[in-house]
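The values are calculated or read from the model by the stated rules, or taken from the named source; none is laboratory data. Treat the numbers as computed from the prediction; the structure is a model and nothing was measured. Every residue, glycine among them, receives a Cβ derived from its backbone with ideal geometry; neighbour counts consider all protein chains shown.
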Amino acid sequence: MDDSISSLLFTVISLALVAAVMAGVWKVFVKAGKPGWGCLVPIYNIILILEMAGKPMWWIVLLLIPLVSLIVMVLVNIEIAKKFGQSTGFGVGLALLPFIFYPMLGFGSARYQGGAAA
């Protein structure tokens, strides 16, 4: 009985975190003039994120390389934070704690200050 309750609690918390990230990223996409539903489509969401960050599309290849992809995603998130007028530290937060920082960015007052995709 105890295991089933803890499993249910873990599932509910996990789903809440996933929903928070999805909602936050959806709002970030909309603020950047991208389709919100794009955050739900694999590969396409990466293309949109790279466009928002102003990074070239060939960076998708870097995201396929283990360990390199971690560094690339931190750099991309830092650039996204800067495009929204946030600090480098906020960008690191986007990369490491997306369930906190993406909802803050999406539902907060930050505005996308844009720039064309590379």
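Being among the hydrophobic types (A, V, I, L, M, F, W, C) and over 10 Å from the mean Cα position of the chain (by Cα) is the filter; apply it to the range 24-46 and report the residue that is nearest to Leu63 (Cα to Cα). Reasoning before the result, please.
Residues of the range 24-46 among the hydrophobic types (A, V, I, L, M, F, W, C): 25-26, 28-30, 32, 37, 39-41, 43, 46.
Checking which are over 10 Å from the mean Cα position of the chain (by Cα) leaves us with 30, 32, 37, 40-41, 43.
Numbers: Val30: 24, Ala32: 22, Trp37: 21, Leu40: 18, Val41: 16, Ile43: 11 Å.
So the residue we want is Ile43.
Within the range 30-50, track down each residue that is in a helix (DSSP H, G or I) and either farther than 19 Å from Leu75 by Cβ or in contact with a strand residue (DSSP E or B) (Cβ under 7 Å, 6 or more places away or on another chain) (or both). Full working, then the answer.
Start the filter on the range 30-50 by keeping residues that are in a helix (DSSP H, G or I), which leaves 30-31, 36-40, 44-50.
Passing the criteria: Val30, Lys31, Gly36, Trp37, Gly38, Cys39, Leu40, Tyr44.
Against the conditions (1) at positive phi; (2) modelled with pLDDT of 95 or more, where does Val92 fall short? Just the number, please.
With (1) at positive phi; (2) modelled with pLDDT of 95 or more applied to Val92, the lone miss is (1).
For the structure I just gave you, tell me whether Leu15 is over 11 Å from the mean Cα position of the chain (by Cα) and among the aliphatic types (A, V, I, L, M).
Details: over 11 Å from the mean Cα position of the chain (by Cα): yes; among the aliphatic types (A, V, I, L, M): yes.
It is true that Leu15 is over 11 Å from the mean Cα position of the chain (by Cα) and among the aliphatic types (A, V, I, L, M).
So how many residues does the range 42-81 have that are without any contact (Cβ under 8 Å) to a residue 60 or more places away in the chain and under 13 Å from Val28 (Cα atoms)?
Result for the range 42-81: 7.
Looking at the range 61-118, which of its residues are among the hydrophobic types (A, V, I, L, M, F, W, C) and not in a helix (DSSP H, G or I)? Let's see the steps before the verdict.
So in the range 61-118, the residues among the hydrophobic types (A, V, I, L, M, F, W, C) come out as 61-65, 67-68, 70-76, 78, 80-81, 84, 90, 92, 94-97, 99-101, 104-105, 107, 110, 116-118.
Leu63, Leu64, Ile65, Leu67, Phe84, Leu97, Ala110, Ala116, Ala117, Ala118, listed by residue number.
Give the residues of the range 82-97 that are buried (at least 16 other Cβ atoms within 10 Å of the Cβ), over 18 Å from Val21 (Cβ atoms) and touching a residue at least 24 places away in the same chain (Cβ under 8 Å), sorted by residue number.
Lys83
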